[in-house]
Amino acid sequence: MRRQYAGEVGLIGHMPAPASLRVVENVGGAVLRRHKVHLLLDKLGERLAFERTGVRLFDALMAKLEAQGSWDRGPTLEELAQFRADEAHHFALLQDVLINLGADPTAVTPSADLAGVELAGIVQVVSDPRTTLPQALHAHLVAELVDSASWEQLVGLADDFGEAALAHKLREPLAQELRHRDTVTTWLKRHAALVVEGTLKYSA
Ligand SMILES: [Fe+2]
Ligand SMILES: [Fe+2]
């Protein structure tokens, strides 16, 4: 039945109203075919949606940390607040990029829509009051892994489009996302090590 439906039904959605001429002119200075522009705008919209949820994930993690506390060399409130600020900064940067390209940053592109669905489970785990901080961080790691990989893809896309200035602008968020990913990984490794050496009681 799934096979039949997958062959029959239409798409999740469409890109909003034709990309303005400004977009076509701005991207690489060359006249790109519309589907190419749509790819870039769809992916920018996807990251915009993701960063917005990223801020909310850190809000939930901070509340959890305040309630449950952390561990030796685990996350601090300051670090979580810094990462939250990074996500908010990335959101604002993407908004600017889209406006400069002549696109509407409030439009929910098909990939932005899907990013919301993909993130739904992570948001549920992190905001569930019964989950522990390490459990919530594990769910959050899924988000950071996808986020860092997607920023990498976005920088590559801007490069492929010959948009050197845009690619340059996106490299700072990429570096920060790689740091988020590696830091969350380190926190979780440290937590497991403390449990193994008997310093921490494992509660799950
Ligand atoms: Fe992010
Ligand atoms: Fe992040």
Could you please let me know if Asp159 is farther than 17 Å from Leu61 by Cβ, away from ligand 1 (no atom under 16 Å from the Cβ) and among the charged types (D, E, K, R)? yes
Show the residue pairs meeting these rules: Cβ distance below 6 Å; 6+ apart or different chains; first residue within the range 126-148 and touching a residue at least 40 places away in the same chain (Cβ under 8 Å); second residue acidic (Asp, Glu). Asp147/Glu177
Count - residues of the range 86-125 that are without any contact (Cβ under 8 Å) to a residue 60 or more places away in the chain, of a type in the set (Gly, Ala, Ser) and within 16 Å of Met15 (Cβ to Cβ): 0
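Each row is one residue, and each column tells you yes or no for (1) more than 19 Å from Ser111 (Cα to Cα); (2) at pLDDT 85 or above; (3) touching a Phe, Trp or Tyr at 6+ places or on another chain (Cβ under 8 Å).
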| site | (1), (2), (3) |
| --- | --- |
| Gly28 | yes, no, yes |
| Val31 | yes, no, no |
| Ala49 | no, yes, no |
| Arg52 | no, yes, yes |
| Leu61 | yes, yes, no |
Could you tell me which residue of the range 71-85 is farthest from ligand 1 (Cβ to nearest atom), considering only residues that are surrounded by 18 or more Cβ atoms within 10 Å (Cβ to Cβ) and either at pLDDT below 95 or assigned to a loop (DSSP other than H, G, I, E, B) (or both)? Gly74
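One line per residue, one yes/no per condition, for (1) of a type in the set (A, V, I, L, M, F, W, C); (2) at pLDDT below 95; (3) open to solvent by 10 Å² or more (accessible area, probe 1.4 Å):
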position	(1), (2), (3)
Gln124	no, no, yes
Arg130	no, no, yes
Ala136	yes, no, no
Phe161	yes, yes, yes
Thr186	no, no, yes
Lys189	no, no, yes
In the set Gly198, Gly162, Gly156, the lone residue that is part of a loop (DSSP other than H, G, I, E, B) and under 24 Å from Leu48 (Cβ atoms) is Gly162
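The values are calculated or read from the model by the stated rules, or taken from the named source; none is laboratory data. All values derive from a computational prediction rather than experimental measurement. Heads up, the Cβs are rebuilt from the backbone with ideal geometry, glycines too, and the neighbour counts pull from every protein chain shown. These accessible areas exclude ligands, DNA and RNA; they are computed on the full protein's heavy atoms, side chains included. Shrake-Rupley method; radii C 1.70, N 1.55, O 1.52, S 1.80 Å.
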